[in-house]
Amino acid sequence: MELTHFNEQGRAKMVDVSEKKTTKRTATVSGKVIMKPETLARIKEGKIAKGDVLAVAQVAGVMAAKKTSDLIPMCHPLALTSVDISFDTDKIENTIYLEATVSTLGVTGVEMEALTAASVTALTIYDMCKAIDKDMVITDIQLETKTGGKSGDYYRGEGK
């Protein structure tokens, strides 16, 4: 596979996507935040001093997806058509599972936008709860699915 982010001089460049076809492109990224049982209980009960942790984290994830090209130097600015952040909690594992799904109609994929959304969502959970739990662990931020585009679809675990 050829790396396309380098010019003839071996220096970084933004890839020219002007000849690529516009298609619907979607990416889903998952992640988790592991915490103390008391922290998870307080989040679920709405007893975190900074406010509704999951609501704020959800908005932060959406905002992050829209700003990805401002953060990652070689990412193209994209007109996103959808950003969705969802959560599931596990009292036994003291974990918040999160999922970020991003879509666009465009000429380049949205994997970086979904990865950024999931990362900032997790970071926001940490930020809002760090006063009571500095031992939280953000882990397993990973691409689950990617659809659309020249390289085809990707589904984690299918060996592609």
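The label point for Ala41 and the one for Gln142, both projected 7 Å from the Cα toward the Cβ, are 3.1 nm apart.
If R0 equals 41 Å, the separation of the Cβ atoms of Lys67 and Gln9 corresponds to a calculated FRET efficiency of about 0.90. Using the Cβ-Cβ distance between Asp90 and Val59 with R0 set to 25 Å, the FRET efficiency from 1/(1 + (r/R0)^6) comes to roughly 0.65. In percent, rounded to a whole number, the relative contact order of the chain is 36, using alpha-carbon pairs under 8 Å and six or more apart. Of the complete DSSP H runs in the chain, those spanning 18 angstrom or more by Cα along the long axis with a mean Kyte-Doolittle score not below -0.5 are 53-66, 111-129. Translational diffusion of the stretch 23-148, estimated by Stokes-Einstein from the Kirkwood radius over alpha carbon pairs at 20 °C in a medium of 1.002 mPa s, is 146 µm² per second. Among the GluC sites (Glu not before Pro) in the stretch 82-160, those located in a DSSP loop and surrounded by at most 16 other Cβ atoms within 10 Å of their own Cβ are Glu93, Glu158.
So if I place +1 on the C-beta of Lys and Arg and -1 on the C-beta of Asp and Glu, and nothing else carries charge, what would the dipole magnitude of the chain be about its Cα centre? I want it in debye, nearest 20.
Values: 21 positive and 22 negative charges, 49 e Å.
Dipole magnitude for the chain comes out near 240 debye.
Among the trypsin sites (Lys or Arg not before Pro) within the stretch 30-123, those in coil by DSSP and having at most 13 neighbouring Cβ atoms inside 10 Å are Lys47, Lys50, Lys91.
Here the simple spin-label model places points 7 Å from the Cα toward Cβ, and for Arg156 and Val17 these points are separated by 2.2 nm.
Values in this text are rule-based calculations from the coordinates and carry no lab data. Worth saying up front: this structure is predicted, and the values here are computed from it rather than measured. Virtual Cβ from ideal backbone geometry, glycine too; neighbours counted across all protein chains shown.
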